Amino acid sequence: MYMAEFKLRFGDMKWYVRRIVEASSLEEAEEIAERYARAMNRGEVKWELSYVIESGRPLLVGKEELEKLGA
């Protein structure tokens, strides 16, 4: 499982979103994420791929993550 982070721009505003990418390799995940960004660029909001990483527990905050942070 992989996670892609995208930078979104609308006028002077900028924000980031993350999406889970199902792929068998990092290269395939990057290709899928690039295609996704191009497909999403049909409106006024511009999508740019920031990065793709392998992630076993993407976007999950649980006991394990809190323990790693010492919280």
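The values are calculated or read from the model by the stated rules, or taken from the named source; none is laboratory data. Keep in mind that this is a model prediction, so the values were computed, not measured. In this analysis, Cβ positions are derived from the backbone assuming ideal geometry, glycine residues included, and neighbour counts consider all displayed protein chains. For the accessible areas, the whole protein counts, side chains as well, though only heavy atoms, and no ligand, DNA or RNA atoms are used. Shrake-Rupley method; radii C 1.70, N 1.55, O 1.52, S 1.80 Å.
Scanning segment 26-43 for residues that are open to solvent by less than 60 Å² (accessible area, probe 1.4 Å) and either over 17 Å from Ser55 (Cα atoms) or modelled with pLDDT under 95 (or both) yields a total of 4.
Scanning segment 34-71 for residues that are in contact with a Leu (Cβ under 9 Å, 6 or more places away or on another chain) and over 15 Å from Tyr16 (Cβ atoms) yields Glu34, Glu54. List pairs: first in segment 1-20 and over 12 Å from Ala37 (Cα atoms), second in a loop (DSSP other than H, G, I, E, B) and aliphatic (A, V, I, L, M), Cβ under 6 Å, 6+ apart or cross-chain? Short answer, once both residue conditions are applied: Tyr2/Ala23; Phe10/Val45.
Taking segment 19-29, which residues are part of a helix (DSSP H, G or I) and aliphatic (A, V, I, L, M)? Leu26, Ala29 - these are the residues of segment 19-29 that are part of a helix (DSSP H, G or I) and aliphatic (A, V, I, L, M). So is Glu64 assigned to a helix (DSSP H, G or I) and surrounded by 13 or more Cβ atoms within 10 Å (Cβ to Cβ) or not? So Glu64 fails the test. Looking only at residues in segment 4-25 that are more than 14 Å from Ser55 (Cα to Cα) and open to solvent by less than 100 Å² (accessible area, probe 1.4 Å), the one that is farthest from the chain's Cα centre (by Cα) is Gly11. Among all positions in segment 44-57, there is no residue which is open to solvent by 80 Å² or more (accessible area, probe 1.4 Å), touching a residue at least 40 places away in the same chain (Cβ under 8 Å), in a loop (DSSP other than H, G, I, E, B) and not small (Gly, Ala, Ser). Might you check whether a residue that is under 23 Å from Leu60 (Cα atoms), of a type in the set (D, E, K, R) and assigned to a loop (DSSP other than H, G, I, E, B) occurs anywhere in segment 6-18? Within segment 6-18, none of the residues are under 23 Å from Leu60 (Cα atoms), of a type in the set (D, E, K, R) and assigned to a loop (DSSP other than H, G, I, E, B).
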